[in-house]
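Input: a single structure, listed below in structure tokens.
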Amino acid sequence: MGTLIYGHGQEFEFDDRVLSHVKIALVTKLRRHESFLLNWEIPPEQGGGRISLWISREIPMAFVFAGSRPPTLNEQWMEALLQSSQRTGGMVIMPEEQAAAHLNAHARES
């Protein structure tokens, strides 16, 4: 498990593969000077619910990975994360298996 450290010590755990994709999506947005919401569901075994963070260049963050090798990135998943960030509700961390369905739904809306 990897950790997203946000602000002054808030820590959120994610699978290294998920965190690798989220990291690239966040950095892509922040390089464009775009602030946005980052949203995800808390698994039931951790109490359930949802989290939303305001992501901004002014708030420090760090990514800590348990593994020593970065995973191969899934470009379709990356695109789905970035497209979800264009909504008013912000970027949604979705499972990799949902990326294609998200992109198809977005294409139908356009």
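Roughly what percent of Cα-Cα pairs across the chain reach past 21 Å?
35
Obtain the nm distance between the two label points defined at R57 and H33 by a simple spin-label model: each point lies 7 Å from its Cα along the Cα-to-C-beta direction.
With each label point 7 Å from Cα toward Cβ, the separation is 0.6 nm.
Hey, could you get me the Stokes-Einstein D for the stretch 46-86, Kirkwood radius over alpha-carbon pairs, 4 °C and 1.567 mPa s, rounded to whole µm² s⁻¹?
Taking Rh from Cα pairs, D becomes 95 µm²/s.
Which ordering of V92, V64 is given by a fewest-first count of other beta-carbon atoms within 10 Å?
The fewest-first ordering by Cβ neighbours comes to V64, V92.
Read-outs: derived from the displayed coordinates by stated rules, not from any lab. Treat the numbers as computed from the prediction; the structure is a model and nothing was measured. Cβ atoms come from the backbone with ideal geometry, glycine included; neighbour counts cover every protein chain shown.
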